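Working notes, beginning with the structure itself.
The values are calculated or read from the model by the stated rules, or taken from the named source; none is laboratory data. Source: prediction; values computed, not measured. Ideal geometry is used to build each Cβ from the backbone, glycine not excepted, and the neighbour counts take in all protein chains shown. Areas reflect the complete protein model, heavy atoms only, side chains present, ligands, DNA and RNA absent. Shrake-Rupley method; radii C 1.70, N 1.55, O 1.52, S 1.80 Å.
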Amino acid sequence: MAVNKIVVAYSGGLDTSVMVKWLSEKYNAEIITATGFLGQTNEIKGVKEKALKTGASKSLIFDLRKEFITNYAWKALKAGALYEGAYPMATAIGRPLLVKMLVDIAMEEGADAVAHGCTGKGNDQVRFEVGVQALAPELKVIAPLREWEFKSREEEIEYAKLKDIPISATLKSPYSIDENLWGIAIECGVLEDPTEAPPEDAYQITVNPKFAPDQPQSVTITFEKGIPVMLNGISYDPVELVTALNELGAAHGIGRLDLIENRVVGIKSREIYEAPAAVILHTAHTEMERLNLDKETFRFKQNVSSKIANLIYDGLWYSPLFDSLMAFVDKTQECITGEVTLELYKGNLRVLSRSSAHSLYNKELATYSIEDKFDHKASEGFIKIYGLPYKTIAQLKKHAEEEVFV
Ligand code: ARG
């Protein structure tokens with residue numbers, strides 16, 4: 001199939017810069033770069049000039065922060081989606097939005113292919129390509145990093161120099177870093193040795209808890225139907241709310257994770273994460289659910305959370321099962337309105353208080369004081385019936401043993 005116009009997911013880093021040139025030469029096609037701004041701190045400056053200088057005919061940049069938080073991060077939060085119980089999935093929820101952006105641009109520009117800079121052993125290639133298949137099956141996807149001739153960064157740099165591709169700011173960090181408002185992922189270099197603690201320079205935004213302020217700080221988060229809307233009683237727009245919590249959490253060393261995780265392609269990898277806002281919000285949100293969800297819904301939702309986390313991680317954001325499970329999640333969130341106060345102190349989060357008009361906590365039932373309204377007598381009959389199957393098993397066992405002795 002001849003390819004005439006390619007939309008490239010472009011970050012401005014070494015790989016995607018080399019890709020623009022390499023693709024235009026290999027396919028003799030027109031290249032349009034597309035960059036989604038999801039809150040990464042330093043990559044966005046000069047991206048347009050760089051892309052055009054490298055040979056793109058057009059360079060598009062979109063500020064997707066609001067859409068990212070409201071349509072992607074809030075869904076992951078409501079779902080309680082933490083991969084393998086811990087990782088809030090900043091990268092994994094950012095990919096489907098970038099895929100949507102690429103597909104939209106490809107349609108508008110009449111492109112016949114999209115290209116990404118993911119490697120052949122990561123999760124992101126899966127997320128990009130399954131996403132494109134789900135949204136625009138007619139588009140061809142090109143993954144240059146899986147097929148090109150360069151075997152190392154050095155070889156890419158050599159090619160960049162030869163082709164006059166500007167790469168200056170991209171060579172400093174010994175780590176591979178992916179960042180957006182929901183968190184930062186850091187890997188490679190010394191981090192590849194799981195027996196070694198991460199060096200301090202691996203962390204990009206959080207202060208070492210040892211050096212965090214000696215004074216704890218508290219923050220009150222107000223939720224409306226599962227979505228955080230206020231901090232300390234003041235309304236915030238979604239992007240500002242996450243930004244403020246990232247700053248606050250980072251200053252107290254909150255949200256550092258050091259994880260060995262199972263990748264989609266079957267290998268285990270070690271990654272460092274920093275996600276202050278996501279960790280604070282998940283902690284507060286779960287607390288609200290502990291207070292307001294009935295026992296069976298709370299327990300069932302734990303399974304759904306883990307399933308949704310796997311779907312997101314595995315690149316199945318745009319899938320019928322994800323949509324169906326999110327419909328369940330949204331129903332459960334109707335009562336997740338109220339307030340949670342947390343204390344931030346030297347890398348730790350502690351719930352100080354929770355309250356809600358939908359709270360199912362009933363002090364008259366819970367108390368051990370004179371105000372107690374719980375019917376203690378009723379427990380007797382309940383336990384008798386509830387334990388009946390096990391009593392029956394035990395009696396049968398005993399009976400069988402007795403027969404052996406006869
Ligand atoms: N392991 C994470 C994921 O699959 C992050 C991947 C990107 N990491 C990076 N340091 N570039 O979602």
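Residues in the stretch 102-123 that are in contact with a strand residue (DSSP E or B) (Cβ under 8 Å, 6 or more places away or on another chain), surrounded by fewer than 22 Cβ atoms within 10 Å (Cβ to Cβ) and of a type outside the set (Val, Ile, Thr): 109, 110, 112, 113. Filtering 279, 207 for residues that are aliphatic (A, V, I, L, M) and under 20 Å from the mean Cα position of the chain (by Cα) leaves a single hit, 279. Looking at the stretch 347-362, can you tell me whether even one residue there is assigned to a helix (DSSP H, G or I), closer than 19 Å to residue 293 by Cβ and open to solvent by less than 40 Å² (accessible area, probe 1.4 Å)? No: the stretch 347-362 contains no residue that is assigned to a helix (DSSP H, G or I), closer than 19 Å to residue 293 by Cβ and open to solvent by less than 40 Å² (accessible area, probe 1.4 Å). Looking across the stretch 163-202, the residues that are more than 10 Å from the ligand (Cβ to nearest atom), at pLDDT 95 or above and buried (at least 20 other Cβ atoms within 10 Å of the Cβ) come down to 180, 181, 182, 202. The residues on offer are 94, 85, and the sole one that is in contact with a Phe, Trp or Tyr (Cβ under 9 Å, 6 or more places away or on another chain) and within 16 Å of the ligand (Cβ to nearest atom) is 94. Of the residues that make up the stretch 305-318, is at least one hydroxyl-bearing (Ser, Thr, Tyr), within 20 Å of residue 131 (Cα to Cα) and touching a residue at least 12 places away in the same chain (Cβ under 8 Å)? Checking the stretch 305-318: at least one residue is hydroxyl-bearing (Ser, Thr, Tyr), within 20 Å of residue 131 (Cα to Cα) and touching a residue at least 12 places away in the same chain (Cβ under 8 Å).
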